[in-house]
Amino acid sequence: MSKEAIINPAPLSEKAHLRIPRPRTLRPSSGKLYVRGDSKVFRFQNGKTESLFLQRKNPRRIAWTMLYRRMHKKGISEEVAKKRTRRTVKHQRAIVGASLDVIKERRSQRPEARAAARAAAIKESKEHKAAAESKKKAEKAKTAAKAATGQVRGALASKQGAKGKPVKVQATSR
């Protein structure tokens, strides 16, 4: 801590300290300004504080400073209560898709039942995928048959044409 504490000690709470003269706050017109070589500005109440600062006296060893009083527990009327720490408590909450009852029910399920449900879900998704694949194949075969008979316009000259891009119009003016 700097020696500036002699000049502007931190304010103390009213409850903790009794009958200690309050540290005077410096008004803009009063006191002295001291600017050090590194451009740090110090404000002094009077010549006494300036003199002690320039002598490099430690404010913790000067009996009337607030740092000394705080360090030696002077004037403290009541002990500061121990801070209470909050314990984190876990709570179960419902999620958008499921109520709390459903979540609890699924948590309490047996592993065998959970494994069976998972297997059923996997089987269902595989069936759905296979159905979509077969539908795609049937559609592809249909378009191939149309192309063979010549019903598809221009026999799809390029990949872009196969994807549905309109045929480029040829210039007629040249």
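Read the figures in this text as sums done on the coordinates, not as results from a lab. Just so it is clear, the model here is predicted, and its values are computed rather than measured. Heads up, the Cβs are rebuilt from the backbone with ideal geometry, glycines too, and the neighbour counts pull from every protein chain shown.
Values computed for the structure shown
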item	result
15 Å beta-carbon shell around SER99, net charge (K/R +1, D/E -1)	+2
In sequence order, calculated HN-Hα J values of the stretch 97-114 (Karplus, 6.51, -1.76, 1.60; Hz; x Gly/Pro)	x, 9, 7, 5, 4, 5, 5, 4, 4, 5, 5, 7, 4, 6, x, 5, 5, 5
Entries in LYS142/LYS163; LYS129/LYS163; LYS48/LYS73; LYS40/LYS74 that, when Cα-Cα distance is taken, lie over 20 Å	LYS129/LYS163; LYS48/LYS73; LYS40/LYS74
Which of LEU100, ALA113, SER173, positive extreme of dipole for the stretch 94-174 (C-beta unit charges)	SER173
ALA116 versus LEU100: modelled label distance in nm, points set 7 Å from Cα along the beta carbon direction	2.9 nm
Efficiency of FRET from Cβ geometry, VAL89 and ARG60, R₀ 41 Å, rounded to 0.05	0.40
